Amino acid sequence: RLYRYVKLAVLGSLAAALVLNTHSLLASLQRNELSERRFLQLNKCPACWGTSWCRKFLNGQLRLESWGRLRLFDFFNVKNVYFARYGEPREGSRRVVLKRLGSAQELADIDTKICRRATGRGRCDLLQALHATEFASLNGDVRLLTPDAVEGWSDLVHCPSQRLLDRLVRRYAETKDSGSFLLRNLKDSERMQLLITLAFNPEPLVLQSFPSDEGWPFAKYLGACGRMVAVNYVGEELWSYFNAPWEKRVDLAWQLMEIAEQLTNNDFEFALYLLDVSFDNFAVGPRDGKVIIVDAENVLVADKRLIRQNKPENWDVWYESKFDDCDKEACLSFSKEILCARVTVDHNYYAICQNLLSRHATWRGTSGGLLHDPPAEIAKDGRLEALLDECANPKKRYGRFQAAKELREYLAQLSNNVR
């Protein structure tokens, strides 16, 4: 009853606000804020994500969809994610996703941190302060971006190798000189934008360095303007398929395990570990049914080639992640230091099984995981439940490695059978 009263109060307040602000609401529906420098926070550059798509934004080629134009609803849009149309309506437009890469408070914190690093105070002239930070110290005289300069800045570079950093610079999409791994080939503003992104939200760099065009399971990066990034729209988030037909859920589960395998073992010898795994971090293509990662902020990249070369303590001992039964959504237990120092790690299998597939997975009041309520014959057989349990919370030593392998094979068999 209390919940109903609160809900009614919120709706009533919203209705009152709509009535009181009718004129401003109509004005906001008519104008295109995506062509306004202030809305894009272009004035923050080079303390921003980039400028490669500014011409498209400022020329009015992108327009927010329906309710996204009403700033009144920003209160509910905590993550600052918007849906927009790109292109001319007559020529055909497509849906894209726009991200500020942080809440309003998180973006304000970026300014505060930059000011404190430069002046010791929380407020300052941001553009002047940038020149007194470590971001400016890596100037045009510096030839390469090196591990000792950026190690620990974010999950992406918690334990960077020179090979990874060269890849980040070479594939940096916010420069016209992409293709060169030399840091000094970037303009001062481009270099600053790269470093700011690397330090505060490296998601764009993950999408650029491990692009979907090469088969990586991430959303396609399109471009940026100020503190707004554009990526392709994939489809509905995975949670919307929680009660989809069994055949569909089996196929999605198989794809998720394949993603875990690809990110763990690939020909490039980079292990990409997902440190935040939940139902809203994945989306499903409406046409091809393909599962894609749509939130790549918390991805740790370990260079297996470097680990084999340096041979840290126990580098060749298989690492088993510990099951974390925290009774909350999207719990994971891991050590970044160990992820950076072992060649064989089961973290991605553990994350997918515990937080998405098994009976331990909970999301928005639901429980039982994506593979809940299997058909009677599969439930009676018991193999699926046993593999999921062993993958999430193994009882045998190295049990998760074997369970993940068998689970991928079993899901592929079930998926083929239902097709």
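The values are calculated or read from the model by the stated rules, or taken from the named source; none is laboratory data. Every value quoted in this text rests on a predicted model; they were computed, and no experiment measured them. Every residue, glycine as well, gets a Cβ built from its backbone with ideal geometry; the counts of neighbours run over all protein chains shown. Heavy atoms of the whole protein, side chains included, go into the accessibility calculation; ligands, DNA and RNA do not. Shrake-Rupley method; radii C 1.70, N 1.55, O 1.52, S 1.80 Å.
Rolling a 1.4 Å probe across the protein heavy atoms gives the chain an accessible surface of 49 Å² per residue.
May I ask for the longest run of the chain untouched by chymotrypsin sites (Phe, Trp or Tyr not before Pro) that are loop-located per DSSP and have at most 13 neighbouring C-beta atoms (other than their own) within 10 Å?
In the chain, the maximal stretch lacking such sites is 77-397.
Working from the Cα coordinates of region 239-417, the gyration tensor eigenvalues give, after taking √(5λ), semi-axes of 27, 17, 16 Å in decreasing order. For region 239-417, the residue among TYR319, HIS360, LEU388 whose Cα projects farthest onto the positive side of the dipole built from Cβ charges is TYR319.
Let me check against my output: what whole-number percent is the relative contact order of the chain, with C-alpha pairs under 8 Å and at least 6 apart?
Once normalised by length, the contact order is 13 percent.
Label-to-label distance for ILE338 and GLU258 is 3.0 nm, based on points extended 7 Å past Cα in the beta-carbon direction.
Apolar share of the accessible surface for region 239-417: 46 percent from carbon plus sulfur atoms, 1.4 Å probe.
The residues neighbouring GLU190, those whose beta-carbon lies less than 10 Å from its own, together hold a net charge of 0 under the Lys/Arg +1, Asp/Glu -1 convention. Annotation note: trypsin sites (Lys or Arg not before Pro) in region 99-166 located in DSSP loop regions with a Cβ neighbour count of at most 10 within 10 Å are ARG121. Here the dipole of region 260-363 is about 240 debye; that uses its Cα centre as origin and unit charges on the Cβ of Lys and Arg (positive) and Asp and Glu (negative). Each Lys and Arg Cβ is given +1 and each Asp and Glu Cβ -1; about its Cα centre, the chain then shows a dipole of about 1260 debye.
For the chain, the spread of Cα positions along the three principal axes, ordered from largest to smallest, is 63, 59, 45 Å.
Return the subset of LYS290/LYS395; LYS176/LYS220; LYS113/LYS304; LYS113/LYS322; LYS79/LYS336 for which the Cα-Cα distance in this structure is over 30 Å, preserving the input order.
Over 30 Å Cα-Cα: LYS290/LYS395; LYS113/LYS304; LYS113/LYS322.
In a reduced charge model with +1 at each Lys and Arg Cβ and -1 at each Asp and Glu Cβ, region 239-417 shows a dipole moment near 260 debye about its Cα centre.
Only helices reaching 24 angstrom along their own axis (Cα) with mean Kyte-Doolittle hydropathy no lower than 1.0 count here, and for the DSSP H runs of the chain these are 2-20.
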